[in-house]
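Input: a single structure, listed below in structure tokens.
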């Protein structure tokens, strides 16, 4: 009997997470008779192969294990798994991650009910892993790329019709060490007759490893830049011009291009800096338009403008200003606003004024603040709060419009003090509210400043590049214990992280104190 779904699990050194992943698969309510699990071990050395062998022995006829020499990335094991799959549908799961018990049953049901060839199941982060949620706003029978959030959710963790995959010969590009799931997923979604969304059930739990190393995104710059060009070229070659293609290119500029322009560009070799500059200039000159740049943060938008108009040193000077001195002063001349970074009307600079003009995005720039302090303290009502102090170079920021500080769905009360030549904004997030609003599996929220100015509504991440972070706060809610802490993402932006504390983590924490 043909199974309804073949789950493909590429595995490389994922113990102990692998055990929970496999347990979540064999316990699916769809039933073992409708399920096939194909685990492809990519040369693991941590015992993952032995763990897979145990599951294959316990679930013969359901779990199939294939071992291959290490290929250096997930593309090869995913392709080999596809070659062995026999189900009507295929689903890919990361060996660190796990599924909700009803995930496959609900997604297969949605595919059959709507006649969908691709189904997205709601994905949530574990241990404060950030997951874009726009596409999961509601159940959907049919979505497209434009306006749905789909371009921001193009990982391969979806249910695909195997007939769709085989009919079009869709496979992972094995020459891409980074991001090989993007072209596979984009190709399948672009060719699918219908794409549906299951949003009323947590189908997929994406796990952030707590021992993950904080490695610069440019530590493997040659691979990353090669793959970045490949992603853009693949998108342009696959999709016809129009709103759908613009939506995907917009995501590529806002995420993948922005990544290589982060602050850590200052820390890498000159040859890498030059390669990044050349790559970004090439892609922006060819493909950046008002439509494809619609999702850019104001900071990235200006850095790209400097790349297009200037040299490597001009770009580094702008980044160094953000890192070392904070947000650049804003020059207002009549109706025009300029960000006065190094190079703006600097003697000897060849950069034109329009490189630094921010008039069209004035509200977004007004929302750019530098966090200068974050402390735990008691609020006016006695509740424990995280008090954040931030600074704007605009001395009359409040005069431009309403200001709020938010951590996604949480809004903090603010107090504004105008000084010369700056404005100080103080915001307080109540710890109990942050914990209560977080998922049981933990959550990571981006802290953003929102401003109404010049008839616009703009927002920007709260920068924390030079901020000294307080120690995590341990908080009990009912029978559960959490660690809450402000953190920085690789771009130096402030995040609020909530992580559930297991007994093992609590004991390890106590041991470190003694």
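Among 184, 234, which comes first, then next, by fewest other beta-carbon atoms within 10 Å? Ranked by crowding around the Cβ, least crowded first: 234, 184. Beyond 31 Å, the tail of the calculated P(r) for region 5-207 holds 11 percent of the Cα pairs. Against the compact-protein benchmark of 2.2 N^0.38 Å, the Cα-based radius of gyration of region 370-513 scales to 1.12. Note on the chain: helix-only mean residue ellipticity at 222 nm, from DSSP H runs of 4+ residues weighted -39500 (n - 2.57) and normalised by residue number, equals -8500 deg cm²/dmol.
Against the main long axis of the alpha-carbon atoms of the chain, helix 181-191 sits at an angle near 80°. When both region 122-191 and region 287-350 are represented by their alpha-carbon centers, they are found 33 Å apart. Per-residue Cβ neighbour counts within 10 Å put 420, 148, 6 in the sequence 420, 148, 6, beginning with the fewest.
Each pair of Cα atoms in region 362-433 enters the Kirkwood radius, and Stokes-Einstein at 20 °C and 1.002 mPa s then converts it into a translational diffusion coefficient of 168 µm²/s.
Here the Debye sum runs over all C-alpha atoms of region 204-358 as equal scatterers in vacuum, and log10 of I(q)/I(0) at q = 0.17, 0.18, 0.19, 0.20 Å⁻¹ comes out as -1.05, -1.15, -1.23, -1.31. If one puts a single equal scatterer on every Cα of the chain and applies the Debye formula without solvent, what log₁₀ I(q)/I(0) results at q = 0.06, 0.08 Å⁻¹? Log10 I(q)/I(0), no solvent term: -0.31, -0.56. Axis of helix 503-513 versus longest Cα principal axis of the chain: the two differ by about 50°, to the nearest ten degrees.
The Cα trace of region 260-352 gives Rg and Dmax of 13.3, 41 Å, the first to one decimal, the second as a whole number. Taking other C-beta atoms within 10 Å as the exposure proxy, 479, 35 rank 479, 35 from fewest upward.
The stretch between residue 345 and residue 420, if pulled fully straight at 0.36 nm per residue, gains 24.7 nm over its current Cα-Cα span.
Find the centroid of the Cα atoms in region 1-45 and in region 404-462, then give the distance between the two in whole Å. So the separation of the two Cα centres works out to 41 Å. What is region 115-240 by shape, rounded, prolate or oblate, if you read a ≥ b ≥ c off the alpha carbon gyration tensor as root eigenvalues and call it rounded for a/c under 1.5, prolate for a/b larger than b/c, and oblate otherwise? Because a/c hits 1.5 or more and a/b fails to exceed b/c, region 115-240 counts as oblate. Extension gain for residue 168 to residue 353 (0.36 nm times residue separation, less C-alpha to C-alpha distance): 61.7 nm. In the chain, the longest principal axis of the Cα atoms and the axis of helix 270-287 are about 80 degrees apart.
Each reported figure results from applying straightforward, stated rules to the coordinates on display, with no laboratory input. Predicted model only: the values in this text are computed from it and were never measured. Cβ sites come from the backbone with ideal geometry, for glycine too, and all protein chains shown count toward neighbours.
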